[in-house]
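Data block below; observations after.
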Amino acid sequence: MDIAMTDEHSRHAPPPPDWDAARAGALIAAESGREGGLLPALHAVQAAFGCVPEAAEPLLASAFNLSRAEVKGVIGFYHDFRRAPAGRHVLKLCRAEACQSMNGAALAADLLARLGLDWGGTTADGALTIEAVYCLGLCAMPPAALFDGAPVGRLEAGRLAALVAEARQTGPSA
Amino acid sequence: MSARIYLPRDAGALALGADAVAAALAREARARGIGLDIVRTGARGLYWLEPMLEVATPSGRIAYGPIAPEEVGSLFAADFLAGGAHPKQLGRPEEIPFLKRQTRLTFARCGIVDPASAADYAAHGGWLGLARALALGPAATVEEVVASGLRGRGGAGFPTGIKWRTAAGAKAARKYIVCNADEGDSGTFADRMIMEGDPFVLIEGMLIAGYAVGASKGYLYTRSEYPHAIAAMNAAILAARSGGFLGENIQDSGFSFDLEVRVGAGAYVCGEETALLDSLEGKRGVVRAKPPLPALQGLFGQPTVINNVISLASVPIILAEGAKAYQDLGYGRSRGTMPIQLAGNIRNPGLFEAAFGVTLGELVEEIGGGTASGRPVRAVQVGGPLGAYFPRALFDTPFDYEAFAARDGLIGHGGVVVFDDSVDMAAQARFAMEFCAIESCGKCTPCRLGSTRGVEVMDRIRAGRDVEKNLALITDLCETMKFGSLCALGGFTPYPVMSALTHFRDDFTRAAAQAAA
Ligand SMILES: Cc1cc2nc3c(=O)[nH]c(=O)nc-3n(C[C@H](O)[C@H](O)[C@H](O)COP(=O)(O)O)c2cc1C
Ligand code: SF4
Ligand code: FES
């Protein structure tokens with residue numbers, strides 16, 4: 001939750017190609033009347049554009065009567081909010097203890113090494129982003145992951161390789 | 001008439017291929033011209049048997065599992081719709097020893113009912129707790145919860161009724177009920193199972209809480225890692241509203257209450273109740289100093305009851321059956337049942353709800369069947385990432401808040417994560433520090449900086465550098481974190497670290513010993 005680091009990342013990130021300030025403004029306005037609506041608004045922006053770009057900050061700040069720094073601080077605090085879109089597919093791999101107990105750490109390390117990625121990285125072809133998560137509530141079928149939101153359990157190397165291949169062959173899932 | 005099959009849509013069952021089984025069932029039935037009604041339930045919690053389907057027969061349900069999509073044809077050939085014999089036939093689910101040994105109160109309906117149907121909930125004893133509460137009146141409802149002995153299932157074990165009494169006594173125009181559904185502890189999935197398998201019981205629990213303390217608005221704060229639970233709760237809230245169980249003048253009682261789901265954004269610390277409240281307010285999830293108690297000044301400064309999913313979901317049956325029936329179960333000061341979650345490297349992983357008092361050894365070896373890998377059990381982490389690692393020597397510890405505390409451990413939210421003898425406990429200690437560093441809210445120095453320091457010290461120990469000196473350092477650091485942290489993230493990270501060092505010291509000195517040899 002290092003805000004400085006997040007800012008570093010976001011400084012040069014241009015808004016995503018489909019960025020539409022009017023649409024973002026409407027999404028934000030729809031949440032601004034709710035108690036504590038900033039998180040719902042951030043989720044709505046990210047669901048629509050795949051990230052919360054810097055360009056959204058002034059819109060959020062004025063809708064919620066906050067300073068831009070405050071908005072930045074909130075965005076930077078939460079691991080979920082991205083400053084630039086992820087790859088076409090996202091694999092959220094669990095790094096927590098129950099998954100460790102079934103060889104999850106080695107499995108993840110091998111996969112990252114094979115793809116030449118760090119946690120959070122995206123393959124050069126833009127097909128796949130690998131994110132770390134800490135427990136998916138799938139601790140009875142470890143190691144576990146969410147692949148584009150779909151739960152996967154009892155992961156082993158073959159299954160992971162198949163998921164990577166699937167990500168590289170197909171376009172974005174709905 | 002078409003045949004009826006029950007198949008979970010629980011995320012755990014989905015992770016093991018339940019949707020592919022559903023598709024194969026539908027395809028095969030169509031090919032055979034058979035009408036099939038597939039009800040997507042929650043899970044019973046016998047995860048080594050998932051995907052597990054149940055067929056409705058005149059003599060009750062018959063279970064089959066674990067089923068692979070390729071096996072569906074052979075099920076039809078074996079006339080499974082009439083309960084026919086098949087290598088995967090498990091008989092009546094209630095008779096499976098893992099389930100038969102349990103006392104299912106909070107999870108009485110989970111895996112049985114259709115979680116999308118308010119009518120099914122009512123048909124299985126739903127809303128009886130609310131009816132009794134409305135008949136008793138608010139004050140007597142609070143006292144019923146006090147008398148049940150129910151303690152918070154989120155981890156701290158604070159008596160739920162006492163918390164409600166405080167909020168009920170607060171004078172304010174607006175009060176809130178907040179359900180803590182952030183379930184971030186590794187090894188836990190009970191909240192997820194209830195939200196996906198019996199969401200109405202949680203709604204009923206929140207309604208009773210609202211009625212008891214005089215709150216008209218509820219928030220359920222859950223995690224973005226739980227998309228299926230979010231969908232199930234939202235659907236159930238809509239159904240409850242259209243059935244007159246949420247909104248104005250509920251069931252003509254004069255009591256009004258509404259409920260909204262809010263989703264976190266990937267921050268473990270937001271499970272801590274005050275950080276959660278800040279997050280709900282749209283802020284960074286930073287822990288607040290107490291006092292003031294949330295029960296007096298919580299969400300938006302108003303009196304707020306914040307309870308875990310399981311605490312709230314246990315309230316309807318306490319009201320329906322009476323406090324005494326609940327309080328009669330248990331061990332010492334831990335009353336009632338606890339949904340224990342068996343996870344990690346274990347042969348029979350799943351949800352085991354039982355009265356407090358079952359020993360750790362019974363849970364891991366008898367009920368859990370030992371490790372999944374077939375290797376010896378070496379360590380068990382109980383209570384999530386802030387819980388201690390116990391060796392087999394402590395397997396006689398009964399599942400009870402005080403008994404675990406007496407052995408420098410905690411039961412937390414009831415997660416039990418098993419490791420076999422391939423585990424490196426120094427690596428586990430390092431991870432505990434790393435996790436604390438990643439998830440620290442940043443408010444206190446011992447947690448924010450101490451954890452990062454702890455990772456470095458563990459790296460030196462694991463490399464065999466100045467081991468004795470660094471072991472003294474990590475011990476000191478743990479003392480500082482334990483006593484200088486505002487919340488249990490920094491304050492309890494020493495539990496996994498120090499328990500690993502105390503019970504598995506060889507793993508910390510091995511690198512140095514090897515270098516010396
Ligand atoms: C770092 C941290 C994380 C926590 N995470 C959760 C959680 O995910 N769910 C939960 O119910 N309680 C969690 N708690 C405990 C809550 O602070 C609080 O005790 C609980 O919500 C009270 O409800 P209960 O009395 O019904 O257990 C956490 C505490 C800490 C310090
Ligand atoms: S102990 Fe850590 S997480 Fe808890 S309040 Fe302090 S800095 Fe925040
Ligand atoms: S620890 Fe990996 S899913 Fe829970």
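In chain B, the DSSP-assigned H stretches of four residues or longer account for a calculated mean residue ellipticity at 222 nm of -12000 deg cm²/dmol, using -39500 (n - 2.57) per stretch and the full residue count as denominator.
Per-residue mean of foreign Cβ neighbours for B:273-284 is 4 (Cβ atoms of other chains, 10 Å radius). The mean number of Cβ atoms from other chains found within 10 Å of a Cβ in peptide A:141-151 is 4, as a whole number. Given their separation in residues at 0.36 nm each and the Cα-Cα distance between them, B:ALA393 and B:THR445 gain 15.2 nm when the chain is fully extended.
Computed over chain A, the per-residue total of -39500 (n - 2.57) for DSSP H runs of n ≥ 4 gives a 222 nm mean residue ellipticity of -13500 deg cm²/dmol, rounded to 500. May I ask you to list, by number, the DSSP H helices of chain B whose Cα span along the axis is at least 18 Å and whose average Kyte-Doolittle hydropathy reaches 0.0 or more? The answer, listed by residue number, is B:18-31, B:199-213, B:227-242, B:309-321, B:425-439, B:467-484.
Our Cα-only numbers for segment A:76-136 put the radius of gyration and Dmax at 12.0, 33 Å.
Only protein heavy atoms count here; under a 1.4 Å probe, A:HIS79 has an accessible surface of about 80 Å².
Please give the helix A:38-49 orientation as an angle from the longest Cα principal axis of chain A, in degrees from 0 to 90, rounded to the nearest 10. Between helix and principal axis, roughly 70 degrees. Placing one equal scatterer on every Cα of segment B:3-100 and applying the Debye formula, the log10 ratio I(q)/I(0) at q = 0.22 Å⁻¹ is -1.16.
Near B:ALA355, the amide H atoms lying under 5 Å from its own belong to B:THR103, B:MET338; only residues 5 or more places off or on other chains count, and H is placed 1.01 Å from N.
Can you tell me the equivalent ellipsoid semi-axes for chain A? Use √(5λ) from the Cα gyration tensor, largest first, whole Å. Taking √(5λ) for each Cα gyration eigenvalue gives 32, 17, 15 Å. At 7 Å along Cα-to-Cβ for each site, give me the label-to-label distance between B:ALA405 and B:ALA472 in nm. The modelled label-to-label distance comes out at 3.3 nm.
Taking label positions 7 Å along the Cα-Cβ direction at both A:ALA124 and B:SER256, the computed distance is 6.3 nm, reported to one decimal.
Rounded to the nearest 20, the Cβ-based charge dipole of segment B:118-327 about its Cα centre (Lys and Arg +1, Asp and Glu -1) stands at 680 debye.
Restriction of the GluC sites (Glu not before Pro) in segment A:13-117 to DSSP coil positions whose beta-carbon has at most 16 other beta-carbons within 10 angstrom yields A:GLU35.
Full extension of the chain segment joining A:GLN169 with A:LEU115 gains 17.9 nm, where the gain is 0.36 nm per residue of separation less the Cα-Cα distance. Convex hull volume of the C-alpha atoms in segment B:361-415, normalised per residue: 78 Å³. Accessible surface of segment B:213-313, 1.4 Å probe: 55 percent of it comes from carbon and sulfur atoms. Taking every DSSP beta bridge that has both ends in chain B, the antiparallel portion is near 50%.
For B:GLY91, the residues whose amide H sits under 5 Å from its own are B:ALA63, ignoring neighbours fewer than 5 places away on the same chain, with H placed 1.01 Å from N. Taking the Cα atoms of segment B:64-137, the ratio Rg/Rh between the radius of gyration and the Kirkwood radius comes to 1.14.
In whole Å, what is the distance between the alpha-carbon centres of segment B:488-517 and segment B:92-118? Computed from Cα coordinates, the inter-centre distance equals 40 Å. Quick check on segment A:3-77: take the gyration tensor over C-alpha atoms, sort the square-rooted eigenvalues as a ≥ b ≥ c, and tell me if it's rounded (a/c under 1.5), prolate or oblate. Oblate, because a/c is 1.5 or more while a/b does not exceed b/c.
For chain B, which longest stretch is free of loop sites, where a loop site is one of the trypsin sites (Lys or Arg not before Pro) that DSSP puts outside H, G, I, E and B and that has at most 12 other Cβ atoms within 10 Å? That would be B:172-517.
At an R0 of 25 angstrom, the distance between the Cβ atoms of B:GLU366 and B:GLU94 translates into a FRET efficiency of 0.85. The modelled label-to-label distance between B:GLU479 and B:ARG4, using points 7 Å beyond Cα along the C-beta direction, is 6.4 nm.
The spread of Cα positions in the protein assembly as shown, taken along each principal axis and listed from longest to shortest, comes to 70, 60, 58 Å. Would you work out which of B:LEU342, A:PRO142, B:VAL315 lies farthest towards the positive end of the dipole of the protein assembly as shown, given +1 charges on the beta-carbon of Lys and Arg and -1 on that of Asp and Glu, about the Cα centre? With unit charges placed on the Cβ atoms, the residue in question is B:VAL315. Residues whose amide H comes within less than 5 Å of that of B:GLY415, counting only those at least five positions distant or on another chain, are B:GLN341, B:GLY383, B:GLY384 (H built at 1.01 Å from N in the peptide plane). Using every pair of distinct Cα positions in segment B:425-516, the Kirkwood expression returns a hydrodynamic radius of 12.7 angstrom. The residues of chain A have, on average, 42 Å² of accessible surface per residue, using a 1.4 Å probe with all protein chains present. If you fit an axis through the alpha-carbon atoms of helix A:157-169 and take the longest principal axis of the Cα set of chain A, what angle between them do you get, 0 to 90°, nearest 10? It is inclined by approximately 50 degrees. Does chain B come out rounded, prolate or oblate by the C-alpha gyration tensor, with a ≥ b ≥ c the root eigenvalues, rounded set by a/c under 1.5 and, if not, prolate when a/b is larger than b/c and oblate if not? Because a/c hits 1.5 or more and a/b fails to exceed b/c, chain B counts as oblate.
How tilted is helix A:68-77 with respect to the longest principal axis of chain A? Cα atoms for both, answer in degrees (0 to 90, nearest 10). Value to nearest ten degrees: 20. Calculate, for B:PHE300 and A:ASP18, the FRET efficiency according to 1/(1 + (r/R0)^6) with r their C-beta to C-beta distance and R0 30 Å; round to the nearest 0.05. The formula returns an efficiency of 0.25 here.
The values are calculated or read from the model by the stated rules, or taken from the named source; none is laboratory data. Since we're looking at a predicted model, the values are computed, not measured. Cβ atoms come from the backbone with ideal geometry, glycine included; neighbour counts cover every protein chain shown. Heads up: the accessible areas ignore ligands, DNA and RNA and are worked out on the full protein's heavy atoms, side chains in. Shrake-Rupley method; radii C 1.70, N 1.55, O 1.52, S 1.80 Å.
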